[in-house]
Amino acid sequence: MKVHEYQAKEILAQHGVAVQRGIVADTVEEAVQAAETMAADGVTQFVVKAQIHAGGRGKGGGVKFTPSIDGVRPNAEEILGMTLVTPQTGPEGQLVQKVLVTAAEDIAHEYYVGVTLDRAKGMDVIMASTEGGVEIEEVAAATPEKIVKVHVDPSIGLRPYQVNEIASALGFEGQALKEAKKFIAALYRAYRQSDATTAEINPLVRTEDGRVVALDAKIELDENALFRHPDLAEMRDVAEEEPLEVEASKHNLNYIKLDGNVGCMVNGAGLAMGTMDLIKLAGGEPANFLDVGGTASPQTVEAGFRIIQSDPNVKAILVNIFGGIVRCDRVAKGVVEAASNMDLTVPLIVRLQGTNAEEGMQILKESGLPIESAIRLQEAADKVTAALNA
């Protein structure tokens, strides 16, 4: 689950990470009030930052340096309500509904530091670079030698010598070195204790007066662990998510919208990926990833159909079920119910294999509905392609 920058900073601050001071605002008036509150404490320069679930906001005009309090209102007016297009939003952009008004910092140097899981090694990895303010992918491609990586065994935890290795490799000295070591340790603690999949600070800055502060922050949380963090679960902002994905989550369906023309309903993530590959090889384009799971019921199957057909780009639907935990006859009943209860406007191809597959195919045949059946996956993909070209 993604969270906004201001929420990420709240999580980090709770674990002792030094973050840039800021106040979130939903309206222009709230933004002005936020600036006035900070001005009362001596802040004279501000930054107004769009809050969306995407990076590269500055490149799209979503981050405005504001040298005086008088500029907060016009900058907030410009950003709030804009459709912000960044390299991560795609050409459709994202509507800005919140801004974060922060205190501007006198920056001496920018760094990058992030924590994630290295699945190949089965350990957490802390990555750091002196090239802050630049997307880490660009640094990795152009100057990989400038990225320091330290792996942390989660059964042991982050050791002091590893913290010192990272901070020293970034070139911190004196009091700033002490602050950097404290910052890195707190960042890893926040990552672990919030069950995050990623905790990224870009840029981490050393200010002219020697402080080490998170100027920006990105945290992604493991949705499977949110039951342990009800406070973090409340940070979900469905306005930032694809509406069809939000609807799918209500039915416990694993759905990701794509840009193709063939709707997919499959059980099992691996089979879903293989199905999408075969659709593409056959000349189609997957419109979604949809894993109905191993306990699909007629109700979840119908919900899946409705979500798939809500995508106007879908020109055909392929159902590919391997009956292991879930029985094929049960899925077939769900397909028939769904097709009967809704106005199915696109060709439907169904492939059933595994437990009770023959019974399932018989149910489809006796339904009298215009459902194309298939036995082999290649056959199913070819029938989808034929339907698209009909």
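Values in this text are rule-based calculations from the coordinates and carry no lab data. This structure is a prediction, so every number in the text was calculated from the model and none was measured. Glycine gets a Cβ as well: all are built from the backbone with ideal geometry, and neighbour counts include every protein chain shown.
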query = Of P347, L84, I375, which is farthest on the positive side of the dipole of the chain, counting Cα position, with +1 on Lys and Arg Cβ, -1 on Asp and Glu Cβ, and the Cα centre as origin?
reply = I375
key: Given charges at beta-carbon only (K, R positive; D, E negative), |dipole| of segment 242-389 in Debye   = 160
note = Here the alpha-carbon Rg of segment 242-389 over 2.2 N^0.38 Å rounds to 0.91
inquiry  = Rounded to the nearest 20 debye, what is the charge dipole size of segment 21-104 about its Cα centre when +1 sits on each Lys and Arg Cβ and -1 on each Asp and Glu Cβ?
reply    = 360
inquiry  = Name the residue from V3, H151, V17 whose Cα lies farthest towards the positive end of the charge dipole of the chain, charges +1 on Cβ of Lys and Arg and -1 on Cβ of Asp and Glu.
reply    = H151
Environment charge of L369, counting only residues whose C-beta is closer than 15 Å and scoring Lys/Arg +1, Asp/Glu -1 = -3
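How compact is segment 21-104 by the rule of thumb for globular proteins, expressed as Cα Rg over 2.2 N^0.38 Å?
Rounded to two decimals, the normalised Rg is 1.03.
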Among G62, V96, A186 the positive-end extreme of the charge dipole of the chain (Cβ point charges) = A186
query = For the chain, what is the charge dipole size about the Cα centre, in debye to the nearest 20, if Lys and Arg each add +1 at the Cβ and Asp and Glu each add -1 at the Cβ?
reply = 820
task = List the residues whose amide H sits under 5 Å from the amide H of I147, counting only those 5 or more places along or on another chain, with H placed 1.01 Å from N in the peptide plane.
result = none
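With an 8 Å Cα cut-off and a minimum separation of 6 or more residues, compute the relative contact order for the chain in percent.
Contact order relative to length: 12 percent.
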ask   = Pulled fully out, how much extra length does the chain show between A386 and E135, if you take 0.36 nm times their separation in residues and subtract their Cα-Cα distance?
value = 86.1 nm
key: Estimated 222 nm signal from helices in the chain, with DSSP H stretches of n ≥ 4 weighted -39500 (n - 2.57), rounded to 500   = -11000 deg cm²/dmol
note = Taking the chain, the equivalent ellipsoid from its C-alpha gyration tensor has semi-axes in Å, biggest first, of 48, 25, 18
remark   = D (µm²/s, integer) via Stokes-Einstein for segment 233-272, Kirkwood Rh across alpha-carbon pairs, 20 °C, 1.002 mPa s: value 183
task = For segment 291-330 and segment 336-358, compute the distance between their C-alpha centroids and round to whole Å.
result = 8
remark   = The exposure ranking of Y161, Y255, Y191, fewest beta-carbon neighbours within 10 Å first, is Y161, Y255, Y191
key: Per-selection metrics, segment 303-361 (Cα): Rg and Dmax in Å   = 11.7, 33
inquiry  = Could you tell me the center-to-center distance, by alpha carbons, between segment 81-134 and segment 1-77 in angstrom?
reply    = 14
